[in-house]
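The values are calculated or read from the model by the stated rules, or taken from the named source; none is laboratory data. Worth saying up front: this structure is predicted, and the values here are computed from it rather than measured. Because the Cβ atoms are built from the backbone with ideal geometry, glycine has one as well, and the counts that use them run over all protein chains shown. With ligands, DNA and RNA removed, areas are computed over all heavy atoms of the protein, side chains included. Shrake-Rupley method; radii C 1.70, N 1.55, O 1.52, S 1.80 Å.
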6 protein chains.
Amino acid sequence: MFSHQADVERLNDAQMRALLASRPVALLPMGAVESHGEHLPAGTDNILARRLAVALVEKLAGSVPVMLLPLLPFGQVWSLSDAPGSFTLSNETVTRIILEIARSTKAKGLATMVIVNAHYGNAAAIRDAQRLLKEEAFTLALFNYPGADIPTRAVREKPIVHASFMHACEIETSYMLHLAPEYVRMELAISNYPQFPADFAEIPYRWSEFSASPVLGDATAATAEKGKIILDAVINRMAELVGELYSRQP
Amino acid sequence: MFSHQADVERLNDAQMRALLASRPVALLPMGAVESHGEHLPAGTDNILARRLAVALVEKLAGSVPVMLLPLLPFGQVWSLSDAPGSFTLSNETVTRIILEIARSTKAKGLATMVIVNAHYGNAAAIRDAQRLLKEEAFTLALFNYPGADIPTRAVREKPIVHASFMHACEIETSYMLHLAPEYVRMELAISNYPQFPADFAEIPYRWSEFSASPVLGDATAATAEKGKIILDAVINRMAELVGELYSRQP
Amino acid sequence: MFSHQADVERLNDAQMRALLASRPVALLPMGAVESHGEHLPAGTDNILARRLAVALVEKLAGSVPVMLLPLLPFGQVWSLSDAPGSFTLSNETVTRIILEIARSTKAKGLATMVIVNAHYGNAAAIRDAQRLLKEEAFTLALFNYPGADIPTRAVREKPIVHASFMHACEIETSYMLHLAPEYVRMELAISNYPQFPADFAEIPYRWSEFSASPVLGDATAATAEKGKIILDAVINRMAELVGELYSRQP
Amino acid sequence: MFSHQADVERLNDAQMRALLASRPVALLPMGAVESHGEHLPAGTDNILARRLAVALVEKLAGSVPVMLLPLLPFGQVWSLSDAPGSFTLSNETVTRIILEIARSTKAKGLATMVIVNAHYGNAAAIRDAQRLLKEEAFTLALFNYPGADIPTRAVREKPIVHASFMHACEIETSYMLHLAPEYVRMELAISNYPQFPADFAEIPYRWSEFSASPVLGDATAATAEKGKIILDAVINRMAELVGELYSRQP
Amino acid sequence: MFSHQADVERLNDAQMRALLASRPVALLPMGAVESHGEHLPAGTDNILARRLAVALVEKLAGSVPVMLLPLLPFGQVWSLSDAPGSFTLSNETVTRIILEIARSTKAKGLATMVIVNAHYGNAAAIRDAQRLLKEEAFTLALFNYPGADIPTRAVREKPIVHASFMHACEIETSYMLHLAPEYVRMELAISNYPQFPADFAEIPYRWSEFSASPVLGDATAATAEKGKIILDAVINRMAELVGELYSRQP
Amino acid sequence: MFSHQADVERLNDAQMRALLASRPVALLPMGAVESHGEHLPAGTDNILARRLAVALVEKLAGSVPVMLLPLLPFGQVWSLSDAPGSFTLSNETVTRIILEIARSTKAKGLATMVIVNAHYGNAAAIRDAQRLLKEEAFTLALFNYPGADIPTRAVREKPIVHASFMHACEIETSYMLHLAPEYVRMELAISNYPQFPADFAEIPYRWSEFSASPVLGDATAATAEKGKIILDAVINRMAELVGELYSRQP
């Protein structure tokens, strides 16, 4: 359990002082509370973000010093905000939270923070924070499953619903089957390929306006093995990126 | 494990719909990342808030419908913000987070949310949110260990440091020994009675200006039994309050 | 009338230049417009803050240079905001006002400002300003009747209504009988001990929800002598604190 | 002393209820803390606003119900902000203060508030508030010495410095000699006709950049009689305007 | 077409680098979309601002380096906001836009920006920006037809409606007949002298409350020659002012 | 010149009233001031947005009523903000501008506004506005060259630099050669295929950190014909979308 040595919530002051002295890269997992249909729970993004972050810490143990902050469990959920399991923050509030945690981290003498993000809706707010912090000489990195593209193309069996959007689908369900199978009820998994409105890119639609389920894709095709193949690649790539960020610190 | 039936992060959409139909009282645990010296970890307030909330859900199982939201792990930490394990949000951001989660909850048809708060520094920001939400016909309750006063006076053996402030002391350490003993290292517990500045009420002091340790009180006097006595009373009182809030819902 | 020599509103530019050259401690009295029942007027807090500040200036005359700013007559009034004589600002606006006056004061070369506050509802907003100004290397002190506790316990004859709240009661009415008797109509004084709701600490209540009168306590027990005993102690303690703040200036 | 019957700070709850029942026009005097040279004190605008408002209340006694709020003593002071007796708020804060007091007044059932303003620098911020409140169906009137133009042209003996700006001059000093002679030191009055920069309308200049004194005009020509002639006209016009505002209330 | 050499929208990077190296004064034309009755279009202020700015650039060609930014076509339109051709921004947004463009300009190494403003309603928001930028050591100048007063008095044949307000009148229509005759339909020009409310200075009135037309004055008296006389003087004065601003740059 | 009949800047009040009575779809073109290298000017996005919007109006003439607002010439430019021809607004300010223009448009009785956007950097800020306006029952559509994908794949001869980013490249230069050839200097066109950093998706990079030129792609391959093929498709698709938006209006 190497991750315990990096987990801020478990450390006392002496341990924190020692950890800070190593100038670690801070890791902030971030998810959302959002409906994922019937086979996955509303906390799916939080569960994934937390476990991915822990896996990353384990991977880096002994090579790159990192500091694991607690997960931010609420994110920006707009497209599914009227679904029963969704609770949302505004983009502006998400940006503020990240800015303030980053500044607190900088005040401890650190120079780099990575957001291990499992919820796509957070990305715009995080990007605003990234740019503002760059002016303050602090590096904020955003990890949205880096390194997933190639293995995903390799393992995917079912078509995608939309070039940019998928949800609770073959891929995300595979992540859960690999990292958190106890939360998955495959007997309730469905395949759902709604027709997106022709002007979906131009007009703001909540998904409930064109889809009966929050699932976008074919969850029945998910397997733990697919999840493992992709996420092993993701964890490797994340570890590589953190190593580079660490080595670039002033 | 009744708490699973109320835990939003574990529920699928059908379960969430059923839960919402019962018009539950929403519970939002709230802590902070804050130094607690050497015998308690920086996540102490988060650990306490989460476990207290779970205990409350268990207590209410079968009698009052509740909906457990994930813990907000960052809070307003000013007095100890320069200690190694402290990371802070501003009061204004804490207020915004709570307002937005409450409005999201209201949009689901609910009328009441309770904050199970284990970090005193959050109280002012929560109070601002309580008053604003009252104008919006939504009840936000704040639980700061309700019902603790009488049993605390009964079990306390060591003097308090200050009428309003204590930290990582006989009482809080007893809470941890009862609810989360695996995080406590009693061999590092100390007694610390710093001299507060005579103008402490008038001038803003960070505690590091007058105390070598974040501990304020005598942690060595803590026992799991003291924690159990107080927290059993707290959980009873919280359950009673939630029951009343539920019965008063329009 | 020594206070005239410190009263910014009465000084011309030459006098202001001379006063600023002495690096005085700035004093900002602060009250509120708030109902005080039938025996005290809505301006009670303003009258008390102004007279206390003048008394403090007189006390310090010849020993510690001070600069008296005009009274801020509007404050944060929530608990009694629906009473006929109450007019309120938001916490955020109160904080902004104080920050801007403090920065204006700092721009004149001064390093310390004291708020002589007679309205408890202002305290949270002032505290936010205190902390922000500390980061800007400016000391903002908050005086909420410092030194009152011991003499109050000595002279009080009637029980308190609540550990934290009292209003237009034995004590505050005694202050007015001592400092501003021409505003008091003792023939209308009442004793009012309403039952606070059991969940008063958890839920935001306006006082009108449980009390027919804004009076919280027994105003009939007030005497000018009680007021004098307490306020003499308060003025002594304020003078002592200002002296210390002055001597600590960089 | 009719004004006492309208002065919120002096009224108890029964009196406030009776006053509110008459649907009075609220009066909010507003000044500033600003250098006025050597012959007038920094509180000049506050003194004038307060006394003008009291004179207006006296004038209206028995005919139009009015409610006198306490004076707002800090205003927006930019042009003279670097003078020794000047302390400033931002336009945005001034607007917020007025909006919140107006909304508090509206919550009491009133429909009209008049700002009796003696500091020209407040006008832009007040205007923003006027327009916002109009959308909220609340009338906010701004009185900047209404009715002064004709009598001023009649009594003025000395040239003006600038079409839009004058300060501590023949006219303002005459106001003080009439309303508050105890604050005027005519032996220190000067005549000051600085050369305004040719691009004064285009570039933001503080007055200290082109004038050795805050006096803009000839204060030596001031007399109490001039002040009386103008201000009697102003008070008459203000009374007339308040009467019309009252009669137009819904 | 000298103006092309200064027009940012027409320049490539090499040209921009060369222009910036000359430390030009930046010019930002600013208008509004606002009803101007029947004889002038809603874009009148934009057309005037753009053409005046181009004329200024032509005038300065070869003598003072300037950089022409694109026109800001939306401004603060309150008085006529309910007229059919009016679209408005808030004062706060106008101030923000200007601050951000100025800071972007400063980041390029420039020290001075001039707003060539053809819409009076923008002035208050611009003034706030001027003062804030002065604290940031950046000069923002505001040109509201400088130099127009004397020639206007010389050519004007018809009375003015109000000391401060005129609109789509003899003068503004003359400007259009001179600079943009293709947009003017003199056959629809009218003379309109509405009665302003007696309390127009004290109460916020939209013009529709007292005038059937947005025209304030006598548009039928407009001629291209009057426009030319005034605007030649304005352009000369603007050129002179820009020259001075350029020579004062640090 | 049908577009004149829809162009707000050219319309008088009678024309605006008639246009508004037809309940037109409002069109707001939006670009940016941004470096485009040596062969295209800094105003490229503004020129394209304006001409595309005019072409759309012409296309719709006689079939769907539209109202053309003036172009917003400043946008959010971050990636190239340090290039010589770039001037930027913040995302927050862009969102505010759009919200306020949309609300002004709604106040005229209209229900739909389309942003004809030629600058990709504006999209995030526009999306925030879209979502907020949806809650206000106003439809804001965003057109980022809709319908361009298929014809682009058909005519493109050179590879793309990056899946999401291209700039002043084969495609955009072709747009300019078709719509605004007088602004293009093909003799300065270059091909530029910089190596994007491997962590470009994770870390905020300004393009100057990895590319010597703002050109991203091969501008030398641009032709007017390619531009025509794509933009004819875009204009057709835009016209179709506006027709649908019009027909869906309540």
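Accessible surface for B:Phe196 stands near 30 Å², nearest 10, in the context of the full protein assembly shown (1.4 Å probe).
Per the Kirkwood formula applied to alpha carbons, segment D:20-64 shows a radius of gyration over Rh ratio, Rg over Rh, of 1.15.
For the protein assembly as shown, the mean residue ellipticity at 222 nm estimated from helices alone is -12500 deg cm²/dmol, where every DSSP H run of n ≥ 4 contributes -39500 (n - 2.57) and the total is divided by all residues, rounded to the nearest 500.
Nearest chain C C-beta to the C/A rotation axis, reported as residue and distance in angstrom, is C:Glu92, 9.
Counting Lys and Arg as +1 and Asp and Glu as -1 over every other residue whose Cβ lies under 13 Å from the Cβ of D:Leu188, the net charge comes to -2. Of the trypsin sites (Lys or Arg not before Pro) found in segment E:151-250, those in coil by DSSP whose Cβ has at most 16 other Cβ atoms within 10 Å are E:Arg185, E:Arg206, E:Arg248.
Computed with a 1.4 Å probe on the full set of protein chains, the accessible area for C:Ser208 sits at about 70 Å². Measuring spread by the Cα atoms of segment F:53-135 yields a radius of gyration and Dmax of 14.3, 45 Å. Each principal axis of the Cα atoms in chain F has its own extent, and those three values, largest first, are 53, 36, 29 angstrom. Look at the stretch E:125-131: the mean tally of other chain Cβ atoms within 10 Å of its residues' Cβ atoms is 4.
Summing charges over neighbours of E:Asn46, with a neighbour being any other residue whose Cβ is under 12 Å away from its Cβ, gives -1 when K and R count +1 and D and E count -1. In chain F, the longest principal axis of the Cα atoms and the axis of helix F:44-60 are about 40 degrees apart. The value of relative contact order for chain D, using C-alpha pairs under 8 Å at least six residues apart, is 23 percent.
For the peptide A:105-114, the mean number of other protein chain Cβ atoms found within 10 angstrom of a residue's Cβ is 2.
Expressed in Å, the radius of gyration and Dmax of the Cα atoms of segment B:175-250 are 18.1, 51.
What is the distance in Å between the Cα centroid of segment C:44-103 and that of segment F:125-202? Centre-to-centre distance over Cα atoms comes out at 57 Å. Couplings 3J(HN,Hα) for segment E:136-152, derived from phi with the Karplus relation 6.51 cos²θ - 1.76 cosθ + 1.60 (θ = phi - 60°), are 9, 6, 10, 8, 10, 9, 10, 9, 9, 6, x, x, 7, 4, 5, x, 5 Hz, where x marks Gly and Pro. Rounded to the nearest whole Hz, the Karplus-based 3J(HN,Hα) values (6.51 cos²θ - 1.76 cosθ + 1.60, θ = phi - 60°) of segment F:240-250 follow the sequence 4, 4, 5, x, 5, 4, 4, 6, 8, 5, x, with x at glycine and proline. Legend: residues D:Glu182, F:Glu58, sorted from most to least accessible area (1.4 Å probe; ligands, DNA and RNA excluded), read D:Glu182, F:Glu58.
Counting every C-alpha pair in the protein assembly as shown, the share spaced more than 62 angstrom apart comes to 19%.
Dipole magnitude for the protein assembly as shown: computed about the Cα centre from +1 point charges on Lys and Arg Cβ and -1 point charges on Asp and Glu Cβ, it is near 0 debye. Interface E-F: total buried accessible area of about 4000 Å², 1.4 Å probe, protein heavy atoms only.
Partner shielding of E:137-147 amounts to 2, given as the average count of beta-carbon atoms from other chains within 10 Å of each residue beta-carbon.
Ordering A:Ser63, C:Ser213 by accessible surface, largest first, gives A:Ser63, C:Ser213; the 1.4 Å probe counts only protein heavy atoms, with every chain in place. In this assembly of identical copies, the label point of B:His4 (Cα plus 7 Å along Cα-to-Cβ) is separated from its counterparts by 2.5, 7.5, 7.5, 7.6, 8.2 nm, sorted shortest first. Rounded to the nearest Hz, the phi-derived 3J(HN,Hα) couplings of segment D:201-217 under the Karplus curve 6.51 cos²θ - 1.76 cosθ + 1.60 (θ = phi - 60°) are 6, 9, 10, x, 10, 6, 5, 5, 6, 9, 9, 6, 10, x, 5, 10, x, where x marks glycine and proline.
For segment D:126-203, the Kirkwood estimate of the hydrodynamic radius, built from every pair of different alpha carbons, is 15.8 Å.
Solvent-accessible area assigned to carbon and sulfur over segment F:4-247 amounts to 53 percent, based on a 1.4 Å probe. Remark: the protein assembly as shown carries 36 Å² of accessible area per residue (probe radius 1.4 Å; ligands, DNA and RNA excluded). Ranking of D:Val54, A:Val94 by solvent-accessible surface, largest first: D:Val54, A:Val94 (1.4 Å probe, protein heavy atoms only, all chains present).
Label-to-label distances for F:Ser208 across copies, nearest first, come out at 3.6, 3.6, 4.7, 4.8, 6.0 nm, using points 7 Å from Cα in the beta-carbon direction. A cut-off of 5 Å between modelled amide H atoms, ignoring neighbours fewer than 5 places along the same chain, links C:Tyr145 with C:Asn117.
Take B:Gly62, push a point 7 Å out from Cα through the beta-carbon direction, and compare it with the same point in every other copy: 5.0, 7.9, 7.9, 7.9, 9.8 nm, smallest first.
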